[in-house]
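The values are calculated or read from the model by the stated rules, or taken from the named source; none is laboratory data. Computed from a prediction, not measured in an experiment: that's the story for all the values here. Glycine gets a Cβ as well: all are built from the backbone with ideal geometry, and neighbour counts include every protein chain shown.
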Amino acid sequence: MLWLVLLILPLGTSVFMMDLFSAEIIQHVPIGIVNQDRSQLADEITMALKADPVLEVALECGDRSECEHAVVRGELQAFLVLPNEMERRALRFETPVIPVYSSGQNYLTNTFAVKEIRSVISSIGSNLFTKQMEEPVQVEIKSVGNNSGNYQGFLGLGLVTAIFHLAGILAAVYLFSFPFRDHRIREFLAAAGGSRVVLGAAMVLPLVVIQWLSMVAVYAYAHRALAPMTFDEFIIVSAGQLAMLLACSGAGAAFVGITGNMRMSSSVAGVIAGPAFAFAGQTFPVMAMPFAVRCFAFLLPLTHILKVQSMMLLGSVGKAHAWESIVVLLFMALFWHLLASKLLFLRWKVAEEKEADWEAREKLHLKDKLKNIAGAVASDLSIRKAVASDKALKGVNHD
Amino acid sequence: MIDLFKRLFKVAFAEWKLFYTDPAAVLLLVVAGVLYAFYYPTPYMNQTASKVPVAVVDLDHTVMSRDLTQMSAAAQQIDVRYVFTDIREAEDALAQEKIYGFMVIPKDMEKTLRNGGKANVNVFTHGAYVMLHGNIGTGFATCALTVGATTKVKRIALGKKVPAAKAMAMRDPIPISIQTMYNNTGSYSNYVVPSVLVLILQQTLVIGICILGGARAHRKFRKSNRDSAVENELMPYRYFGRSLAYFLHYCSFILFYHFVVYNVFDFPRRGEILPMIGFAIVFLFSVINFGMVLSQVFLRRETSMQLFLYMSIPILFLSNFSWPSDLIPTWMKGLSCLLPSTFAIPAWLTIEQRGADVYDAAVLLYPLALQAVFYLLLGLVLTNLRDGSKLKTGDM
């Protein structure tokens with residue numbers, strides 16, 4: 001179970017998530033067309049929409065309600081109506097409006113679909129009268145560090161980090177709580193030569209090192225979706241990840257120190273680290289969250305490591321500011337480890353005494369049990385003897 | 001018949017009592033469902049990320065560039081906090097996260113446009129924040145393209161000698177009008193939270209069932225009751241009685257989400273009674289039986305929690321709520337068919353968010369019903385096998 005929580009599950013889940021986004025960009029968004037026009041222009045629009053890689057014309061509806069029902073069922077993300085006499089009215093400069101109905105429920109895919117539909121229709125429209133005339137202003141929108149909008153790079157990397165953030169806390173919870181669960185504190189302390197500091201360090205260090213190495217490996221594997229990392233970037237991100245895992249292991253140990261058992265500390269870890277990704281600002285920006293939530297987000301190690309990772313996308317300018325977040329993570333690690341040491345040292349002491357007490361009681365109980373058994377056996381023997389002698393006496397009398 | 005129901009309800013009541021007396025069960029089956037429903041949506045309480053801090057790098061310094069800057073400052077999506085004259089200043093502000101994007105107005109833009117040339121306006125956004133990328137891009141692009149459109153209309157009017165109105169019609173002869181059907185405000189919480197609520201129901205229910213050992217008899221952790229009559233009822237009574245307790249308990253959660261959580265966070269409630277009842281029945285039976293199957297695998301009570309905490313993220317993304325299912329590798333799609341959430345999340349969105357009637361919803365409810373039957377049979381077999389085995393490890 002330890003290896004499962006420590007290594008196999010975080011590694012497996014991370015690779016799974018990276019593979020989930022292997023298509024890298026959103027494409028084939030299902031849309032519908034209600035063609036009421038039957039003109040050359042309508043055919044041209046339909047063909048252009050069908051040829052667009054982002055869109056997939058999944059349904060050509062006979063009427064609007066057919067497409068509406070498909071949107072309700074989730075089969076279409078959007079549909080457009082090519083209105084009656086569209087071509088004729090366009091040629092008469094009457095600017096017939098093409099209504100585009102977007103579901104809106106799936107924010108991301110809907111945004112992509114609408115943007116693409118707009119671009120296809122406006123390019124066909126501009127070819128109608130002003131084919132030779134170029135657009136005077138061209139706008140190019142560039143996403144710094146992730147120019148193609150690659151989801152493996154944007155969301156995948158963040159999710160991998162979120163998984164290891166959870167793993168760091170959960171593995172520490174498991175490791176620090178199972179001696180309590182199995183009543184083996186004395187055994188562990190004896191193995192550490194009676195030193196609590198040695199026991200604490202012996203638990204934390206291998207955990208952090210194993211998780212750190214696996215996290216760095218998965219991160220490097222995941223990063224292939226983006227531009228290759230430079231050596232400096234690799235060092236900065238790795239240092240940040242190490243600091244994050246130290247903070248997480250400290251927090252996990254402190255949860256065990258506070259609750260004293262595996263079930264409760266796992267629950268606390270789950271409540272805090274489970275939805276951490278939603279609070280860390282990569283999907284919905286921290287600056288748009290309410291103040292109290294922003295404070296909570298600041299307390300999560302995940303927020304800071306995602307900041308370090310995102311700064312690496314900005315090149316040399318980002319590197320200069322990344323260390324600030326790493327320092328915050330190191331302070332967090334220090335705080336949680338100090339708190340965990342204080343609480344766990346107390347709990348270990350109490351548990352050690354309890355275990356000794358139980359053992360003594362167990363011995364006493366065993367002695368009593370043995371005495372009882374011996375007494376029972378003795379009385380049984382004496383009864384048997386008495387019965388036998390009674391029988392023998394009766395036999396003699398009978399004779 | 002009366003005896004049958006009496007025995008069934010006796011088991012159900014004993015199990016339901018356990019939800020409120022066993023600390024681990026209280027946390028998962030009572031507290032988590034309520035806590036998560038309020039805790040998870042809090043980051044998105046402002047619904048949208050409007051007025052994102054941005055900057056303009058003005059290399060032109062003309063009336064036109066100042067107009068463009070002012071137009072950008074008035075855009076709803078963005079808030080122009082700085083106007084820089086050097087691109088490096090903007091890059092530095094981006095790295096410090098003082099801004100999340102900037103627009104570069106090129107040198108001699110006005111001169112080029114007035115001379116009939118073409119100008120390129122570049123918008124840079126922070127690559128780590130895809131949602132802001134869309135907002136900033138739309139905000140700046142709309143303003144820059146308006147400048148372009150005005151210039152083009154002037155060029156058409158002068159070149160083709162037509163009135164301005166006709167020139168405008170020639171520039172964009174087939175305009176589009178976008179109507180958003182179900183999330184008019186583009187609210188992020190409305191997009192994410194309803195799906196997550198279904199996942200919360202599934203995860204807490206499955207882990208809760210596993211923590212209480214499903215339908216097995218003679219549960220080790222129930223020291224004082226492990227030999228009681230209710231605890232060791234005949235297997236079908238145990239299985240269906242405990243399932244009934246979970247079903248009724250989670251029906252109340254669905255009602256709570258529909259009437260309270262949706263109200264508090266102002267999500268649209270379009271669910272009709274009939275499809276909602278249909279959803280509750282097939283979804284809960286599918287998840288309960290899924291939990292009953294899994295609960296026979298674990299030896300310790302907390303193991304399921306440790307495993308399922310890792311699984312939440314992949315399970316959510318497998319449900320077609322954010323990443324289109326057509327883009328998911330085939331083997332993952334196959335695997336996802338084993339999870340109730342894969343069908344339940346789209347079904348819930350269809351019914352509650354988009355107001356589907358029972359016919360539209362049926363397409364998504366059939367696979368859930370099939371899952372319920374499959375897991376029911378498997379659950380009965382596994383519980384029977386588990387009852388017969390004599391495992392000495394663990395606390396279940």
Helices (runs of 4 or more DSSP H) (entirely within region A:254-330) containing at least 3 residues that are crowded, with 24+ Cβ neighbours inside 10 Å and over 16 Å from the mean Cα position of the chain (by Cα): A:301-312
From B:Phe321, B:Phe308, B:Phe317, B:Phe279, grab the single residue that is within 14 Å of B:Thr204 (Cα to Cα) and of a type in the set (Phe, Trp, Tyr). B:Phe308
So which of B:Asn263, B:Asn232, B:Asn183 ends up being outside the structural domain of B:Gln77 (by TED's automatic domain parsing), under 28 Å from A:Ile31 (Cβ atoms) and among the polar types (S, T, N, Q)? B:Asn183
State whether the residues of region B:374-386 include one that is touching a Ser or Thr at 6+ places or on another chain (Cβ under 6 Å) and among the polar types (S, T, N, Q). no
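Could you look through region B:354-384, keep only residues that are within 11 Å of another protein chain (Cβ to nearest Cβ) and in contact with a Pro (Cβ under 7 Å, 6 or more places away or on another chain), and pick out the one that is surrounded by the most Cβ atoms within 10 Å (Cβ to Cβ)?
Of all residues in region B:354-384, those within 11 Å of another protein chain (Cβ to nearest Cβ) come to B:354-357, B:359-364.
Going one step further and asking which of them are in contact with a Pro (Cβ under 7 Å, 6 or more places away or on another chain), we end up with B:356-357, B:361, B:364.
On the way: B:Ala356: 25, B:Asp357: 14, B:Ala361: 27, B:Leu364: 23.
The extreme case among them is B:Ala361.
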Scan region A:12-21 and tell me whether some residue there is in a loop (DSSP other than H, G, I, E, B) and not assigned by TED's automatic domain parsing to the domain that holds A:Leu76. yes
Being at pLDDT 90 or above and buried (at least 21 other Cβ atoms within 10 Å of the Cβ) narrows it down to one of A:Leu205, A:Leu157, A:Leu199, so name that one. A:Leu199
Going through region B:55-78 one residue at a time, which ones are crowded, with 16+ Cβ neighbours inside 10 Å and within 28 Å of the chain's Cα centre (by Cα)? B:Gln77, B:Ile78
Residue ID - surrounded by the most Cβ atoms within 10 Å (Cβ to Cβ), chosen from residues in region B:262-286 that are at pLDDT 95 or above and within 18 Å of the chain's Cα centre (by Cα): B:Phe283
Of those in region B:377-396 that are outside any helix (DSSP H, G or I) and free of Cβ contacts under 8 Å to residues at least 60 places away in the same chain, the residue nearest to B:Arg300 (Cα to Cα) is B:Lys392
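Can you tell me which residues in region B:120-144 are among the β-branched types (Val, Ile, Thr) and either more than 7 Å from chain A (Cβ to nearest Cβ) or farther than 21 Å from A:Gln309 by Cα (or both)?
Across region B:120-144, the qualifying residues are B:Val121, B:Val123, B:Ile136, B:Thr138, B:Thr142.
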Suppose we filter B:Thr151, B:Thr185, B:Thr180 for residues that are surrounded by fewer than 17 Cβ atoms within 10 Å (Cβ to Cβ) and either touching a strand residue (DSSP E or B) at 6+ places or on another chain (Cβ under 8 Å) or more than 7 Å from chain A (Cβ to nearest Cβ) (or both); which single one remains? B:Thr185
Determine, yes or no, whether B:Leu205 is buried (at least 18 other Cβ atoms within 10 Å of the Cβ), in the same structural domain as B:Tyr239 (by TED's automatic domain parsing) and either in contact with a strand residue (DSSP E or B) (Cβ under 9 Å, 6 or more places away or on another chain) or assigned to a helix (DSSP H, G or I) (or both). yes
Within region B:292-353, which helices (runs of 4 or more DSSP H) (wholly inside it) include 2 or more residues that are within 15 Å of the chain's Cα centre (by Cα) and at the interface with another protein chain (Cβ under 10 Å from one of its Cβ atoms)? B:303-317, B:340-348
Please verify whether region A:50-65 includes one or more residues that are without any contact (Cβ under 8 Å) to a residue 24 or more places away in the chain and surrounded by 15 or more Cβ atoms within 10 Å (Cβ to Cβ). no
Determine whether B:Ala217 is in a helix (DSSP H, G or I), of a type in the set (A, V, I, L, M, F, W, C) and touching an Asp or Glu at 6+ places or on another chain (Cβ under 7 Å). no
Say whether the condition of being within 8 Å of chain B (Cβ to nearest Cβ), under 25 Å from A:Ile185 (Cα atoms) and either modelled with pLDDT of 90 or more or touching a strand residue (DSSP E or B) at 6+ places or on another chain (Cβ under 6 Å) (or both) is met by at least one residue in region A:267-281. yes
For a quick check of your reading: which helices (runs of 4 or more DSSP H) sit entirely within region A:28-139 and have at least 2 residues that are more than 10 Å from chain B (Cβ to nearest Cβ)? A:40-51, A:64-72, A:107-129
